[in-house]
Every structure is written in structure tokens, then in C-alpha cells.
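Remarks on the structure that follows.
What follows draws every value from the coordinates through simple rules; no lab data is involved. Being a predicted model, the structure only gives us computed values, none of them experimental. Positions of Cβ are backbone-derived with ideal geometry, glycine not excepted, and every protein chain shown enters the neighbour counts.
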Amino acid sequence: MDAKIILIARVSDVEQRKALPAQKMRLERYADQKQLAYEYYEFDESAHKEARQKFAKLVEHIKKQTTLCYVVFDKIDRFTRDSSQEEVKALQQLVKLGKIELHFPHDSLYIDQNSSAADWFRLGIGMALAKYYSDSIRDNVKRRFEQMLAEGIWVHRAPIGYKNVIKGGTAQKPIKDIEVDDTKAHYIIKAYEMRARGMSYAVIAKELHKMGFRSNISNSKAPSKQFLERILSNSFYYGVMVHAGREYPHKYKPLISRALFNQVQRVRDERKHTKTKYDSKDYTLKKIVKCGKCGRAVSPFKARNTIYLRCANAKCDNPNTAESLVINGVTADIGFIDVPEQWLEKVINELRRRHNDQQTYYTQNITQTRAEYDKLKEKMRKVYYDLLDGRITQTLHDEIATDLEKRQQELNDRLKLLTSDNKDFQVTASYLLDLAQRAEMLFKESDDDLRQKLLEYVLSNIELKDKKLSYILNDPFKTIVETKKKSLSAHNSNIWCG
Ligand SMILES: [Zn+2]
């Protein structure tokens with residue numbers, strides 16, 4: 001009976017790929033020596049995920065042969081590195097049934113139905129050794145990998161806003177690095193800044209697109225919500241890379257501060273919260289009104305398309321009040337806040353005074369933050385002693401230390417913000433000025449969120465009692481409104497000049 005030869009070449013990692021032609025040559029020479037017809041199969045498991053399935057298919061094909069087959073691998077470690085693999089078991093089974101022989105010419109090992117226990121043992125040992133070597137190579141790769149992560153080196157593709165670059169080395173061993181991609185980085189920063197101010201993904205996408213942002217050359221559309229979401233939650237941008245669920249500080253230049261990143265995460269959480277909890281429309285008087293009878297919060301609710309304000313205290317006898325009944329009074333008062341130019345100086349002085357208050361606030365805040373920072377340092381020392389004295393495990397220590405370090409980092413960022421030139425406050429001041437000049441228009445055109453913030457600026461002690469809303473106008477708006485009301489009743493606009 002004529003036997004048939006099945007030649008099989010396999011590689012399982014990139015390094016071995018170069019050896020494929022040599023494997024093929026040796027296998028074909030073996031077939032020539034036997035002077036038998038042969039089929040040649042090649043599997044590159046490093047490049048093709050489906051290579052394993054193809055191998056399974058080949059085993060099925062071998063099973064169907066009606067003549068005896070010599071299944072030839074160059075060496076035992078080309079046969080398998082994984083003795084638990086189904087196909088390997090199936091082949092061994094076929095040997096025992098006398099349907100095939102396994103030939104490993106390079107190892108001078110030939111296994112057939114009648115092989116001795118010693119030969120089967122050699123095959124077993126050969127397979128075990130192959131597995132041992134491949135595992136230890138993998139371990140080395142993994143160790144190298146972990147070491148790189150510990151050194152702050154990112155081993156994958158750089159996120160958008162950064163780029164992978166090659167800095168010299170040779171073609172075989174290029175020196176790789178990651179740099180800020182100046183053509184894209186400013187878009188990422190812009191996206192974070194917009195999001196921190198509470199803007200929706202849709203608005204940010206539109207703005208970025210208008211500015212010329214394209215996620216890649218072939219894509220001319222505005223970035224998708226998922227794309228933005230991914231960018232706006234990637235801690236890489238403030239200096240922390242995540243690999244396999246663990247965080248490592250990286251060595252590249254951060255695009256944003258941790259504080260800005262945290263602010264953006266808070267915005268996401270808040271938006272999620274408000275979306276599920278409220279139908280956010282039409283609730284201008286949300287969270288800022290108190291009950292004039294019992295002092296509890298008054299909150300809006302919708303019934304039959306009308307918004308009512310209701311005291312949170314079920315036993316309170318303060319009647320529910322339609323929002324439309326009280327909102328016009330507020331709008332009218334806001335309408336009076338409209339500063340003529342001659343008045344601006346006074347307003348600016350008032351703002352300056354407020355700015356000084358703000359400075360005091362900052363100074364206090366800085367002292368407080370420093371104190372908390374020092375306290376954390378003490379805590380970390382204590383946790384470390386706990387570890388040394390065996391009161392806690394290494395894992396627990398690492399967990400606590402990570403938490404504390406995180407908080408410490410936040411405080412650090414906060415300090416940086418507080419000690420920087422108070423940009424935030426300047427925004428507020430110019431906003432206030434803007435507000436003073438065109439409050440009514442702003443109020444009418446804003447969405448409820450912004451209207452609410454405006455009211456918080458302009459009014460305090462907002463109380464609802466017996467279907468009437470009372471409040472105190474804050475300075476300088478109070479003076480503005482009072483003076484203007486007076487001037488109207490006196491029909492004398494000259495009063496502004498005073
Ligand atoms: Zn009440």
C-alpha cells in the first residue's frame with residue numbers, strides 16, 4: 001500500500017517567521033528522500049488568527065485519508081507547544097489507530113502504532129520542553145513589558161493628540177518614542193475646556209469640526225459622541241496610562257491638568273444624573289427656593305403641563321404655586337438691571353470689592369488645602385508603618401497608598417490652580433459685568449441651567465409663601481434696580497447722572 005506524505009510547517013511568533021523557508025526546504029527534501037507524493041501546508045499563527053482553525057481543518061482532512069499518511073513536522077516543537085490542544089490529541093489518536101505515522105526528521109523521531117514506550121516518552125518530553133521554552137520566552141516578554149510600563153513607557157499606539165515616532169536606532173531595533181502631536185493636541189485641550197464648562201458632546205463636536213478638527217485624513221465628518229467620550233475619559237492626557245486595568249504614570253508631556261480631567265468627569269456624572277432625574281426643561285426655580293413657612297426646600301414638579309412649586313414638607317400648609325404666577329415678577333426685576341454707561345464705574349468698583357473678598361477666600365482656601373495635604377502625608381507615613389509592623393497586607397497598603405496619592409495629587413493640582421493668577425475669577429467678573437449690562441436679555445435667552453445660575457448671582461433668600469415669591473436683590477443689582485425704579489416713578493432720567 002502506498003503511503004502519502006503530509007508536510008506541515010508551523011510558526012507561532014514573529015521571530016520564527018524568518019525560519020519558514022528553511023523549514024519548508026528541509027521538509028521537501030525529506031519527502032524527496034522517501035520518493036512519495038506529498039502535500040505541503042504552512043501555518044503562520046503569529047500573523048493569522050485563523051491559522052489555528054486551519055490546522056483543525058487539516059486534521060479533519062487527514063482523518064478522511066484512506067491510505068496511510070506520514071505526517072511530517074521538522075521538529076517536535078513545530079508539532080505543538082500546547083499538548084492539550086484538541087488537534088494534537090486527535091493526531092496522537094490516529095497514530096494509535098494505525099492510520100498515520102508522525103515523523104520528526106530533525107529530531108530523528110518516528111512514531112507509529114507499534115512505537116515503544118521510550119519513543120512516546122521522547123515525544124512527550126519534547127512537547128513539554130517546547131512548552132517550557134515558549135512560556136519562558138513569554139515570561140521574559142511580559143517582564144520586559146512590565147518594566148517598560150513601570151518606567152512610564154507606553155507600548156501601544158499613542159492616543160490622538162500624541163504620535164508615535166522613531167528616533168534613530170536601526171531598522172531591526174528602532175528607538176521608539178511618543179511625542180505631542182502639535183497638529184491635534186490643541187483640539188484635545190479645547191475639548192476638555194469646553195466639556196468642563198458643561199457643554200454637550202454634540203456642541204463640542206460641532207465646535208471642533210468648525211475649528212478644523214478631523215479624527216483622521218479620510219474622515220471629514222464631525223467627531224462622534226463615542227469618539228469624544230473616549231477622549232474625554234482617557235487619563236493619558238493628564239499623565240496616567242492604563243494597561244490591563246492598572247494605572248501607571250507615564251513620562252510624556254501631559255496635555256491637561258488632573259484637576260481639569262476630574263472636573264470633566266464630574267460634569268459627565270452630573271449630566272448623567274440630571275438627565276435621569278429631571279426632565280431638565282422649564283425648571284428655572286429648581287434648588288434655589290425655600291419655603292417661607294417651614295424653611296424646607298421648595299421644588300418644581302409638572303402636572304397637566306403646568307409647573308408647580310411645592311414645599312418638600314408634606315405637612316406644611318404652604319399652598320402649591322404655579323411657577324408662571326411668580327416668575328414674571330422675577331423677570332421684571334431682572335429687567336431693571338440694566339446699567340447705563342455712566343453707572344459702569346460704580347459697578348466696577350463693586351466688582352473690585354468682591355474681587356478682594358474673593359482673594360481672601362483664596363488665601364483661606366490655600367491654607368486649608370496645605371493643611372489637608374500635610375495631614376495626608378502623615379497618614380501615608382502611618383500606613384507605611386502599619387505595613388512594616390505587619391498590621392496590614394502589601395495589597396491593602398498599596399490600595400490605600402494609591403488612594404492617598406490620588407487625593408494628594410488632586411490637592412496639589414488645586415493648590416496650583418489657587419496660586420495661579422485666578423483666571424477663573426476674572427471670567428466671573430467679566431461675566432458679572434456683562435450680566436449687569438444686559439441681564440434681562442441674558443435671562444430670557446438662557447437655558448434653565450444658566451438662568452438658575454443668574455438668579456443665584458442676583459438674588460438671595462428666595463422664599464415662597466402663600467403664592468408669593470420674596471427675595472433680596474444682591475448688590476450691586478439692588479442699588480441699580482432701586483435707583484432705576486425711583487427714577488421711573490420720578491419721571492426723571494437725570495438721576496442716573498448722580
Ligand atoms: Zn413648608
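Tell me which residues come under 5 Å, amide H to amide H, from residue 322 once H is placed; ignore anything under 5 positions away on its chain.
Excluding prolines and chain starts, which carry no amide H, the hits are 309.
With +1 on the Cβ of every Lys and Arg and -1 on the Cβ of every Asp and Glu, and nothing else charged, how large is the dipole of the range 39-78 about its Cα centre, in debye rounded to the nearest 20? Could the numbers behind the result be given before it?
Details: 8 positive and 8 negative charges, 42 e Å.
Computed charge dipole of the range 39-78: roughly 200 debye.
Give me the compactness ratio for the range 4-139, meaning the Cα radius of gyration over 2.2 N^0.38 Å. Before the final figure, lay out each step's value.
Values: Rg = 14.1 Å, N = 136, 2.2 N^0.38 = 14.2 Å.
Ratio of Rg to 2.2 N^0.38 Å for the range 4-139: 0.99.
Residue 70's amide H: which non-local residues (gap 5+, or another chain) put their own amide H closer than 5 Å, with H modeled 1.01 Å from N in plane and none for Pro or chain starts?
4, 5, 6, 101
How big is the range 69-123 on each of its three principal axes, counting only the C-alpha atoms and giving the largest first in Å?
Cα spread of the range 69-123 along its principal axes, largest to smallest: 25, 23, 21 Å.
Net charge around residue 463, counting only other residues with Cβ within less than 10 Å of its Cβ (Lys, Arg = +1; Asp, Glu = -1)? If you can, show how the numbers build up before the last one.
Working: positive: 290, 293, 465, 468; negative: none.
Neighbourhood net charge equals +4.
If you rank 373, 385 by fewest surrounding Cβ atoms within 10 Å, what's the result? Let's see the in-between values first.
On the way: 373 16, 385 11.
Fewest-to-most ranking of 373, 385: 385, 373.
In which sequence would 73, 145 go, from the one with the fewest C-beta neighbours within 10 Å to the one with the most? Present the calculation step by step, with values, prior to reporting the outcome.
Working: 73 24, 145 14.
So the ranking, lowest neighbour count to highest, is 145, 73.
Amide H to amide H, which residues 5 or more places from residue 459 or on other chains are under 5 Å from it, using H placed in the peptide plane?
474
Using a basic spin-label model with each label point 7 Å from the Cα along Cα→Cβ, how many nm lie between residue 466 and residue 176?
7.7
Between residue 244 and residue 386, what is the FRET efficiency for a Förster distance of 25 Å, r being their Cβ-Cβ separation, to the nearest 0.05? If you can, show how the numbers build up before the last one.
Numbers: r = 28 Å, r/R0 = 1.11.
Computed FRET efficiency for residue 244 and residue 386: 0.35.
Mind sorting 220, 12, 299 by how few other Cβ atoms lie within 10 Å of their own Cβ, fewest first? Walk me through the numbers on the way to the answer.
Working: 220 9, 12 20, 299 16.
In increasing order of surrounding Cβ atoms, one gets 220, 299, 12.
First measure r as the distance between the Cβ atoms of residue 320 and residue 206, then evaluate 1/(1 + (r/R0)^6) with R0 = 35 Å and state the FRET efficiency to the nearest 0.05.
Details: r = 40 Å, r/R0 = 1.15.
Step by step, r from the Cβ atoms, then E = 0.30.
Compute the separation of the alpha-carbon centres of the range 65-112 and the range 204-252 and state it in Å as a whole number.
Distance between centres, Cα-based: 50 Å.
Tell me, rounded to the nearest percent, the portion of alpha carbon pairs in the range 185-277 spaced more than 15 Å apart. Show your work: numbers first, answer last.
Values: 2643 of 4278 pairs.
Every Cα pair in the range 185-277 considered, those over 15 Å come to 62 percent.
Students often get this wrong, so check it: of 131/163; 163/382; 75/176; 465/486; 184/375; 184/377, which have C-alpha atoms separated by over 30 Å?
Numbers: 131/163 37 Å; 163/382 42 Å; 75/176 36 Å; 465/486 27 Å; 184/375 40 Å; 184/377 38 Å.
Exceeds cut-off: 131/163; 163/382; 75/176; 184/375; 184/377.
What does the charge dipole of the range 4-139 about its Cα centre add up to, to the nearest 20 debye, if the Cβ of each Lys and Arg holds +1 and the Cβ of each Asp and Glu holds -1?
Details: 23 positive and 21 negative charges, 50 e Å.
With Lys and Arg at +1 and Asp and Glu at -1, about 240 debye.
Give the peptides 193-200, 100-107 in descending order of average Cβ contacts within 10 Å, highest first. Each step should come with its number before you reach the end.
Details: 193-200: 16.6, 100-107: 20.1.
Per-residue mean Cβ counts within 10 Å order the peptides as 100-107, 193-200.
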